[in-house]
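The values are calculated or read from the model by the stated rules, or taken from the named source; none is laboratory data. All figures in this text were calculated on a predicted structure; none of them were measured in a lab. Glycine also receives a Cβ, built like all others from the backbone with ideal geometry; neighbour counts cover every protein chain displayed.
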Amino acid sequence: MFSKQEAQLLKTEFWTAFGKSFPRKWILYDTKIKDFSFKFSADNKKAEVSIDIEMKDEIYRNAYYEKIWSLEEMLKEEIGDFHKEEHYPLENGKVISRIWVTKENVSLYNKNTWQEIFEFFVEKMDGFERFFWEYEDFIKDV
């Protein structure tokens, strides 16, 4: 196991290495939709790429979720199989809507899996972005 400080240093090294390996400007929070973002995450067991719909107003959150869900087949063409949850609870208790893909059996704390994670991140986020750019006007029309 790592100390808290060692774990934080490894996380910093991981994200720095990712940025240097794939120096690209991702959409992430720059969707022009408030509380609608794309995210990368990794922990000691898996890596994920997601669309997080975090509006406090459940009606708006649901509307954006339904818009994306109505494009399920097109999204699947871009990223393959994915998970979805309209009422996804975060650790802090906040409920969001999330659509995501997961790569199991990789770890941010194992440098031997970093390249595998990085390639997964690039492939899946690129697919999410292509999907978003293609259907952006439809998604934004809520």
Residue in the range 18-38 that is part of a helix (DSSP H, G or I) and more than 17 Å from the chain's Cα centre (by Cα) present: yes
Please name all residue pairs, on different chains or six or more residues apart, with Cβ atoms under 8 Å, provided the first residue is in the range 21-45 and is over 15 Å from PHE128 (Cα atoms) and the second residue is acidic (Asp, Glu). ASP35/GLU54; ALA42/GLU48; LYS45/GLU104
Residue tally, condition within 16 Å of GLU123 (Cα to Cα) and of a type in the set (Gly, Ala, Ser), over the range 63-83: 1
Looking at (1) at pLDDT 95 or above; (2) over 24 Å from PHE18 (Cα atoms), find the lone condition where PHE118 falls short. (2)
